Each structure stands twice: as structure tokens, then as C-alpha cells.
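Here is the structure we will look at.
The values are calculated or read from the model by the stated rules, or taken from the named source; none is laboratory data. Computed from a predicted structure; not experimentally measured. Virtual Cβ from ideal backbone geometry, glycine too; neighbours counted across all protein chains shown. These accessible areas exclude ligands, DNA and RNA; they are computed on the full protein's heavy atoms, side chains included. Shrake-Rupley method; radii C 1.70, N 1.55, O 1.52, S 1.80 Å.
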Amino acid sequence: MTTESRSTTVTITNPAGLHLRTSKDVVQAASQFTATISAQNLTRQSPFVDVKSILQLMQLQARHGHTLLLQADGPDAQVALETLCAILTTFGA
């Protein structure tokens, strides 16, 4: 089993920002992966938080137009990031 380390950025497109309902969907999706997944709000220069924790994810205070850095480490890191980016970019469409 190989360990991958991947990162990507995503911009919040929903006018309401990263609200509780979407955060719940992100946490549920992230929890299905074995990879360790963290996020940082680059716009606010927040510390990294665990994406598998709804309380930590809400601490990002991600608003419309904010850019998040997602990092994943583990065998399914690439798939995890692709899944989370799809959720974060379609919830406001």
C-alpha cells in the first residue's frame, strides 16, 4: 500500500459560503476515505483543520469567493480530493 500526498485549491462559489449543510456533506464524504484530509482558508490565513470534523471545518469561516487549500495524505488521497472538490464547487451551482 503506497501513501500519496496531494493538495489542491478550490474557490467557494456558493453565495452563502461554506454553510452547515454543505459542511455536513463534506465531512460525510471525507470520512469514507482512509486518507488524512486537512483544509486551510487561504483568504483568511486560517490554520489547517481536520476536514473529517464538522466543528473544525466550520472554523474556516469560508465565505463566497474564499479560496481553500485542501491537503490529503494516504492511499486514496487523489480520489478524496477529487470528491471533495466536486462537492465544494457544485453546491452553489
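Work out the length of the dipole vector of the chain about its Cα centre, built from +1 on the beta-carbon of each Lys and Arg and -1 on the beta-carbon of each Asp and Glu, and round it to the nearest 20 debye.
In debye, rounded to 20, the chain gives about 360.
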| query | Does anyone have the angle between helix 77-90 and the longest principal axis of the chain? Alpha-carbon axes, 0 to 90°, nearest 10? | reply | 20
| query | Taking only protein heavy atoms and a 1.4 Å probe, what accessible area per residue, in Å², does the stretch 25-85 have with all protein chains in place? | reply | 48
| field | Summed residue charge, Cβ within 13 Å of R6's Cβ, Lys/Arg positive, Asp/Glu negative | value | -4
| What Kirkwood radius, in Å to one decimal, follows from the Cα pairs of the stretch 37-78? | 10.5
| remark: Here the Kirkwood hydrodynamic radius of the stretch 1-67, Cα-based and in Å, equals 12.4
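As a test of the formula, what do you get for the chain when each DSSP H run with n ≥ 4 contributes -39,500 (n - 2.57) and the sum is divided by the residue count, at 222 nm and rounded to the nearest 500 deg cm²/dmol? Present the calculation step by step, with values, prior to reporting the outcome.
Numbers: 3 runs with 30 residues, N = 93.
Calculated mean residue ellipticity at 222 nm is -9500 deg cm²/dmol.
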| note | Counting only residues 5 or more apart in sequence or on a different chain, those whose built amide H sits under 5 Å from that of A62 are L18
| Charge sum, other residues only, whose C-beta stays under 15 Å from P15's C-beta, Lys/Arg counted +1 and Asp/Glu -1 | +2
| remark: Share of accessible surface on carbon and sulfur in the stretch 9-53, whole %, 1.4 Å probe and ligands ignored, is 53
| task | Evaluate the distance, in nm, between pseudo-label points positioned 7 Å from the Cα of D50 and of I87 along their respective Cα→Cβ axes. | result | 1.6
